[in-house]
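Novice: So that we are looking at the same thing, I have put the structure below in structure tokens.
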Ligand code: PXP
């Protein structure tokens, strides 16, 4: 298998988090998306949460307009609810990533239980796909969830890299290596089942290389670290550096 260029999706949720801390319009996540596109982002990712803690409905509309005019895919992350389905059907983003969502969580903790929600997810995925969006499921790299994802007819799985990132943060190399092996095995299994493979959550300059080097990977979605790092080096430089690390990883 030839390691092609990895697509880098930049998640801009936390530009909106900063804006919302003061309730005004600054910094505008859509202006951030535009800067990310200029810096080489291959896609823009944004999570419209039930509680609207970062992106707001009008942000999603403005993002879709920007992405369509720049010919850049918008990846909308959403929970599997009727409200979000209706919004997504109206918005028609290029891609939709279905994620688990609990009100009390700080971020998306853990993957979607696709195996346990087959009957709920199948019609939702069909509606979104028939409306022209590429549907992805955010899951852990666990064999039965990968099989379940393929059975829903979703086109893509995005593997949750949070546990891998936290193990590295904790200095637990053995655990990080074991999770990395599971992510690699999951990528092979998903690819063999015809699913496109993405990764995301908790990725940083320090931990991204082994993930970016996974043969089957087609796309990474990275947000919090890039937006945080933008405080120190600027968003454009942070994205360019991440792009360089990913490109180098594909050559090894
Ligand atoms: N991918 C998915 C499906 C996510 O839910 C998130 C977090 O919103 C990310 C990627 C990006 O994670 P992070 O902000 O930790 O880079």
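Novice: Using mean Cβ contacts within 10 Å as the protection proxy, how do 138-146, 244-252 order, highest first? It would help to have the intermediate numbers written out before the result.
Specialist: Working: 138-146: 20.7, 244-252: 14.1.
The densest-packed peptide leads the list: 138-146, 244-252.
Novice: Further, regarding this structure: Is it possible to state the helix-based mean residue ellipticity at 222 nm for the chain, with each DSSP H run of 4+ residues giving -39500 (n - 2.57), the sum divided by total residues, to the nearest 500 deg cm²/dmol? What is it?
Specialist: -15500 deg cm²/dmol
Novice: A further question follows. Sort 199, 232 by Cβ crowding within 10 Å, fewest neighbours at the top.
Specialist: Starting with the residue having the fewest Cβ neighbours, the order is 232, 199.
Novice: OK, next. Going by how many other Cβ atoms sit within 10 Å of their own, how do 204, 152, 81 line up, fewest first?
Specialist: Fewest to most other Cβ atoms nearby, the residues stand as 81, 204, 152.
Novice: Next question. If you find the alpha carbon centre of the stretch 71-95 and of the stretch 186-252, how far apart are they in angstrom?
Specialist: Their Cα centres are 22 Å away from one another.
Novice: Two decimals is fine: what is log10 I(q)/I(0) at q = 0.10, 0.22 Å⁻¹ for the stretch 49-167, from a Debye sum with one equal scatterer on every Cα and no solvent?
Specialist: The Debye formula, applied to the Cα set alone, gives -0.30, -1.33.
Novice: For the modelled label position 7 Å from the Cα of residue 178 along Cα-to-Cβ, which residues of the stretch 147-169 have backbone nitrogen atoms closer than 14 Å?
Specialist: 163-164, 167-168
Novice: Any number yet on Rg/Rh for the stretch 18-57, C-alpha, Kirkwood?
Specialist: Dividing the radius of gyration by the Kirkwood radius yields 1.00.
Novice: Now for a different question. How are the alpha carbon pair distances in the chain distributed across 10 Å bins from zero to the largest one, expressed in percent?
Specialist: Answer for the chain: a P(r) of 7, 33, 39, 19, 2 percent.
Novice: I've got another one for you. If I model a spin label at residue 69 and residue 169 as a point 7 Å from the Cα along the Cα→Cβ vector, what separation in nanometres do I get?
Specialist: Label-label distance for residue 69 and residue 169, simple model: 3.7 nm.
Novice: When only C-alpha pairs under 8 Å and at least 6 residues apart count, what is the relative contact order of the chain, in percent?
Specialist: Relative contact order comes out at 21 percent.
Novice: Once R0 is set to 30 Å, what does the formula 1/(1 + (r/R0)^6) return for the Cβ-Cβ distance between residue 231 and residue 130, expressed as a FRET efficiency to the nearest 0.05? Before the final figure, lay out the partial values.
Specialist: Working: r = 42 Å, r/R0 = 1.39.
Rounded to the nearest 0.05, the efficiency is 0.10.
Novice: To make sure I understand, if each residue's beta carbon is the centre and we count other beta carbons within 10 Å, what order do 17, 161 fall in, fewest to most? It would help to have the intermediate numbers written out before the result.
Specialist: Numbers: 17 17, 161 26.
Lowest to highest Cβ neighbour count: 17, 161.
Novice: Still on this model: Between residue 18 and residue 209, what length comes free when the chain is fully extended (0.36 nm per residue of separation minus the Cα-Cα distance, one decimal in nm)?
Specialist: Length difference between fully extended and current span is 65.9 nm.
Bear in mind these aren't lab numbers, they're just calculated from the coordinates by the rules spelled out. In this text the structure is predicted, and so the values were computed from the model without any measurement. Backbone-built Cβ (ideal geometry, glycine too); neighbour counts: all protein chains shown.
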